[in-house]
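What follows is calculated from the coordinates using simple rules that are stated; it is not laboratory data. Only a predicted model underlies this, so the values are computations on that prediction, with no experimental measurement involved. Ideal geometry is used to build each Cβ from the backbone, glycine not excepted, and the neighbour counts take in all protein chains shown.
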């Protein structure tokens, strides 16, 4: 049986016409190459090299053999590359993601938990930053994936629609009521205008507030304690609704739905881990 290494040794000897140089290039001994050449010539019953004190060239049989072997070696290399590709198809390794605000706090962690559950060798890194910084870091190759509130403005970025998020009215579990019968916990900014930051149009639908907070988690904590209701993105309360700590306690008089977008660098070769993360974050 022919050892594939013998064929590789023959090709290098044919190229260098020097056993010492071939041995150095192949990182093997001179004796190993001489042994391989002898085995090949014995197997085929042909003299392949014209040699005396040194290698003068290939015999006619050696020329034919070299042409055939090069094709075989190309096939071996292609096979090895394909096998490496198949091994690398298992999602593993780093995935660098970024988004801001609610995306960072609620959407990305839940997605990454599921991704890590399915593919334990994936190693996610999660960053919090604004949309402009997400685009800049993606374009520079410092991030693999970004979550944005609008399609990216940079032409070097590709994107797809991600999940949507609808705001709902939540409070302590109980029968549903009309929204204007509720006591409200309102998130506000305490710098500048001090306006509401939950997207509720106060001018059209005024609410009776019982508390003001500047953090969404504080509002949810007060809701769980029974103080009142809050208007929050459904992504932020998925776990609380599932375990019954909160409930949707009223229908909204209008619809507030946000769409997010997953972006990556156009033309980049995405690793299997990054591809799976993009798939998990894409709509549909």
Gaussian network model of the chain, Cα springs within a sub-10 Å range: biggest mean-square fluctuation belongs to which of 58, 115, 79?
58
Principal axis box of the stretch 141-184, alpha-carbon based, largest edge first, Å:
50, 17, 16
Evaluate the Kirkwood expression for the hydrodynamic radius of the stretch 1-149, namely the inverse of the mean inverse distance over all pairs of different C-alpha atoms, and round to one decimal in Å.
19.9
Per DSSP H run of at least 4 residues, take -39500 (n - 2.57); add these up for the chain, divide by its residues and hand me the 222 nm value, nearest 500 deg cm²/dmol.
-12000 deg cm²/dmol
Expressed in nm to one decimal, what extension gain is obtained for the pair residue 113 and residue 218 from 0.36 nm per residue of sequence separation less their Cα-Cα distance?
35.4 nm
Gain upon complete extension [residue 77, residue 126; 0.36 nm per residue less C-alpha separation]
13.9 nm
Determine the percent antiparallel among the DSSP beta bridges restricted to the chain, to the nearest 5.
60
Given labels modelled 7 Å from the Cα in the Cβ direction, how far is it in nm from residue 282 to residue 252?
2.7
How far is helix 272-281 tilted off the main Cα axis of the chain, in degrees rounded to 10, range 0 to 90?
20
When a footprinting reagent is the concern and you count Cβ atoms within 10 Å, what order do 179, 200 take, fewest first?
179, 200
Once the cut-off is 33 Å, how many percent of the Cα-Cα pairs in the chain end up in the long-distance tail?
52
Dividing the mean separation of Cα pairs under 8 Å (6+ apart) by the residue count of the stretch 1-153 yields a relative contact order in percent of 17
Stokes-Einstein diffusion coefficient of the stretch 131-225, Kirkwood radius over Cα pairs, 25 °C, 0.890 mPa s, in µm²/s:
148
By how many degrees, between 0 and 90 and to the nearest 10, does the Cα long axis of helix 30-44 differ from the longest principal axis of the chain?
70
Kindly express, to the nearest 10 degrees and within the range 0 to 90, the angle between helix 4-16's C-alpha long axis and the longest C-alpha principal axis of the chain.
70
Treating only the Cα positions of the stretch 4-88 as identical point scatterers, give the base-10 log of I(q)/I(0) from the Debye formula at each q in 0.13, 0.24, 0.25, 0.26 Å⁻¹.
-0.43, -1.20, -1.27, -1.34
Once both labels are modelled 7 Å past Cα along the beta-carbon direction, what's the residue 3-residue 25 spacing in nm?
1.9
Say each of residue 56 and residue 269 gets a label point 7 Å from the Cα, pointing the same way as Cα to Cβ; how far apart are those two points in nm?
4.6
Rounded D (µm²/s) - the stretch 190-284, Kirkwood Rh over Cα pairs, Stokes-Einstein at 37 °C, 0.692 mPa s:
197
So, relative contact order of the chain in percent, Cα under 8 Å, 6 or more apart, is 20
Do you know the relative contact order of the stretch 166-257, to the nearest whole percent, from alpha carbon pairs under 8 angstrom that are 6+ apart?
51
